[in-house]
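Quick notes on the structure that follows.
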Amino acid sequence: MYGGSRGDVGPMTEADAEREIEGLMKRDYVWVIDAGSFIGHVRLDRVDLNDRRASIAIGIADASRLGQGLGSQAIALVQGYAFNSLRLHRLSLRVVAYNRRAIRAYEKCGFVIEGREREAALVDGEWHDDVIMGILDREHASMLLQR
């Protein structure tokens, strides 16, 4: 589920999915998550090839598809691309602190909590903290060796 609203998100109509995919395709580093139908996307933002870093973001649009490992699989695939093909040194992300499911998924993929930005996200009229997480290329490589 996207990190913004706490409301339930259901399956998209075909027209909604087509509109969202059309908007996503304007970005340089974005991948659609397709599990028989469009369920979300994962992307790299602020890719800096000089400093070899980027941020990663993922959104699952269909709440019924949560908890199936699809997000973790998508994150792992994009990590492989970021560290192996783009030769990045660091990936980072921000996640709303109440989104414990997402934090567990990121930790499963090797991200570590680096800090917290207090009251950084206004969600449904309430302020929430953002958790800052990151992973380095050597941590990713070490995690792969442990498997």
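Amide H to amide H under 5 Å from Gly40: which residues, 5+ apart in sequence or cross-chain, H placed 1.01 Å off N in plane?
Hits under the 5 Å cutoff: Ile33, Ala61.
What residues from the stretch 121-139 fall in the zone where the backbone N is under 15 Å from a label point 7 Å along the Cα-to-C-beta line of His89?
Within reach of a label on His89, which here means backbone N under 15 Å from a point 7 Å along Cα→Cβ, the stretch 121-139 contributes 135-139.
Within the stretch 27-147, what whole-number % of the accessible surface is contributed by carbon and sulfur, with the 1.4 Å probe and all protein chains included in the calculation?
Numbers: 3030 of 6770 Å².
Looking at the stretch 27-147 in its full context, I get 45 percent from C and S.
The values are calculated or read from the model by the stated rules, or taken from the named source; none is laboratory data. Because the structure is a prediction, the values reported are computed rather than measured. For neighbour counting, all protein chains shown are included, and Cβ atoms are generated from backbone atoms with ideal geometry for every residue, glycine included. Side chains are part of the model used for accessible areas, which takes the heavy atoms of the whole protein and leaves out ligands, DNA and RNA. Shrake-Rupley method; radii C 1.70, N 1.55, O 1.52, S 1.80 Å.
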